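Each reported figure results from applying straightforward, stated rules to the coordinates on display, with no laboratory input. Just so we're clear, the structure is a prediction, and the values are computed from it rather than from any experiment. Glycine gets a Cβ as well: all are built from the backbone with ideal geometry, and neighbour counts include every protein chain shown.
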Amino acid sequence: MTKYVDLDAGTVPGSERRSEFGGLARLARGGLVSLADAQRAWQTSANTAAARLTRYHRRGWLRRVRRGLYLVLPLEAEPRGAVTVEDPWILARELFAPCYIGGWSAAEHWQLTEQMFRSVFVVSSANVRGRESRLLGVEFRVARTAESRVARADSVWRGREKVLVSGRELTLADALASPAWIGGVRHLADVLAVYHDSSHWQPKKLVERLSENGSGAAFKRLGWLAEQLFPDERELIAACIEHRTAGLVAVDPAVKAPGHISKRWGLRVNVEIKMGGSRE
């Protein structure tokens, strides 16, 4: 059994408190520390670590983000002033794990779009309450998914920390299944066109990612978009035809216009896309 030394942070000298706090701060990831970090740094029980974290929070050395998660404040920070996190992606990882950065945020990361979005898009398999949240001045848009989908994301370095982000093909596969994840089909068409014209274009890999997601609607949207934007990609279009499913879906579920029916793709075409990526 582990033996804990239970020191009250309010009874030890200031120099020892600073040393104790420094041991915790060295474990910070993007400025963030957790209850588990405090237990590990101080070799103490969860209750004692939680009590000490609360004291440091009251002293203005920490800012509580949520239960069990704190931000280490710079020495010059005002205790009650506005603070920001070093990297919103690391904050997302700590808040919504298991998760990956996806949707429009991943598209921005891979330089598939120049459009700027105010919120960070997170895809999580955790039991997250609500689709939108704001913490430490950062807006998050959260979508739920299966944990197996999180496992297919790529790992990228953010400073000294690794964060999961959907690769180019997974980003597009997600958006083709759920256009709202990338801001709608009109923006999706632009992103798809940029991807197609880049040196990273891998249609077979894109088809693989769509197959893994198991969305027949995504294949319908991709096939229809491909015919509008790059009709010479015959193998890709043929693969989309092969993976079509029965039923009728909207090109963009968020658009209320009725549009017309494409029997070839089983789509209600409620958004118009012109050759070359221009849109109506």
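A few remarks follow.
- Based on alpha-carbon atoms, the Kirkwood radius and the radius of gyration of segment 168-280 give Rg/Rh equal to 0.91.
- Reducing segment 129-196 and segment 18-38 to their Cα centroids gives an inter-centroid distance of 29 Å.
- The residues packed around Ser178, meaning those with a beta-carbon under 13 Å from its beta-carbon, carry a net charge of +3 if Lys and Arg are +1 and Asp and Glu are -1.
- Cβ-defined net charge surrounding Arg244, 14 Å radius [Lys, Arg +1; Asp, Glu -1]: +2
- Local charge for Val142 was computed over the other residues whose Cβ lies under 12 Å away, with Lys and Arg +1 and Asp and Glu -1, and equals +3.
- Exposure proxy ranking, count of Cβ atoms within 10 Å, fewest first, for Asp197, Asp232: Asp232, Asp197
- Exposure proxy order (Cβ contacts within 10 Å, fewest to most) of Ser155, Ser45: Ser155, Ser45
- Residues Phe219, Phe140, Phe117 arranged by fewest to most Cβ contacts within 10 Å: Phe117, Phe140, Phe219
- Legend: translational diffusion of the chain by Stokes-Einstein, Rh = Kirkwood radius over C-alpha pairs, 4 °C, 1.567 mPa s; D = 61 µm²/s.
- For segment 84-166, the square roots a ≥ b ≥ c of the C-alpha gyration tensor eigenvalues yield an a/c under 1.5, which makes the shape rounded.
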